[in-house]
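**Student:** Would you mind keeping the following structure in view while I ask a few things?
The values are calculated or read from the model by the stated rules, or taken from the named source; none is laboratory data. Because the structure is a prediction, the values reported are computed rather than measured. Please note: Cβ atoms are built from the backbone with ideal geometry, for glycine as well, and neighbour counts cover all protein chains shown.
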Amino acid sequence: MNGESTKGQTLTEVVLSIRGAHRTSVRLTIQHEGDSTPIDVDIVRQKIEVATVLFEMKGDIAYINMSNSPGVPTRNSRPSCSNSRRTRPRASSLTSDEPGGLLDIVIDVASHFLNGGLVAKVVNNEGQETDHPVADTDIKSDLPMVVLVSRFSASGSECFPGALQDRNRATIAGEKTFGKGSVNILRQLSDGSGIYVTTARWLTPDGRLIEGKGIEPDVTIPVEGEGPIQWAIDYLHGKK
């Protein structure tokens, strides 16, 4: 890279070396397998944004695949819900299987599918409960709905289906979720290390504990490949 060898470096070290300031350039010398001569490739560094809310129509079913990368679903869920409303689908299926998520994002997204009431409760280390109600939004969907979850669904990806399940708003299908429903704060220590301190637990609107329990799906199905999506489509068509 830029004339310096990466021999002996780990993949992470190489990636960190390639990264740099926006619009700066880096030259990579690459030798493809089977070739005897390396080639030089000049790359201009750019900011990469990974789509975290994907919307597509599968026949007459609106399919939304949602990641819980901090902050992104909040701004991307509105256009996806708007698309769903404009295309006039018969029903909707949503995948929620990411290992994370923030409560404010969960409230924002769930509020597109719930009319009033609670999205979640938070109980602190002194046993005090705080209710988190549905937020005001001008985009609402009352379509029949399936939410797909897996054993890797954790934190916000459990709070969301838990809220819809308690409110009888959607059918939850897939595997029992991970069971991570805690609020953690990072405290930096004097030696530069850090420690996460658990300060509260998330509960579903009916008061079900997520931490260590997870969310049991209404229907247990295998979650490999495209199978769950097709199952949801068939279910919403009344074939399951």
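**Student:** In the stretch 1-18, which residues are part of a helix (DSSP H, G or I) and under 21 Å from ASP42 (Cβ atoms)?
**Tutor:** Within the stretch 1-18, VAL14, VAL15, LEU16, SER17, ILE18 qualify.
**Student:** Name the pairs whose Cβ atoms lie under 7 Å apart, with the first residue in the stretch 23-35 and over 12 Å from SER5 (Cα atoms), the second among the small types (Gly, Ala, Ser), and 6 or more positions between them or separate chains?
**Tutor:** Final answer for the pair search is VAL26/GLY20.
**Student:** If a residue counts only when it is surrounded by fewer than 21 Cβ atoms within 10 Å (Cβ to Cβ) and free of Cβ contacts under 8 Å to residues at least 40 places away in the same chain, which strands (runs of 3 or more DSSP E) contained entirely in the stretch 100-158 have at least 1 such residues?
**Tutor:** 129-133
**Student:** Say we look at the stretch 179-203 and pick out the residues that are under 21 Å from GLN165 (Cβ atoms), small (Gly, Ala, Ser) and in a loop (DSSP other than H, G, I, E, B); which of these is modelled with the highest pLDDT?
**Tutor:** This residue is GLY179.
**Student:** Okay, moving on. Does the stretch 220-227 contain any residue that is modelled with pLDDT of 95 or more and assigned by TED's automatic domain parsing to the domain that holds ASP131?
**Tutor:** Within the stretch 220-227, the subset modelled with pLDDT of 95 or more is 220-221.
Now restrict to residues that are assigned by TED's automatic domain parsing to the domain that holds ASP131: 220-221.
Taking every residue of the stretch 220-227 in turn, at least one turns out to be modelled with pLDDT of 95 or more and assigned by TED's automatic domain parsing to the domain that holds ASP131.
**Student:** ARG45: surrounded by 10 or more Cβ atoms within 10 Å (Cβ to Cβ) and farther than 30 Å from ARG90 by Cβ, yes or no?
**Tutor:** Yes; evaluated as a whole, the condition is true for this residue.
**Student:** Okay, next question. Just to be sure I understand the filter: pairs with C-beta atoms under 7 Å, separated by 6 or more residues or on different chains, first member in the stretch 204-232 and part of a loop (DSSP other than H, G, I, E, B), second member acidic (Asp, Glu). Which pairs pass?
**Tutor:** Hits for this filter: THR204/ASP166; PRO205/ASP166; ASP206/ASP166; ILE210/GLU158; GLY214/GLU158; ILE215/GLU158; PRO217/GLU175; VAL223/GLU175.
**Student:** Of the residues that sit in the stretch 73-117 and are β-branched (Val, Ile, Thr) and modelled with pLDDT of 80 or more, which one is farthest from GLY225 (Cα to Cα)?
**Tutor:** Top of the filtered list is ILE107.
**Student:** Given the options ALA232, ALA163, name the one that is within 18 Å of SER92 (Cα to Cα), of a type in the set (Gly, Ala, Ser) and more than 18 Å from the chain's Cα centre (by Cα).
**Tutor:** ALA232
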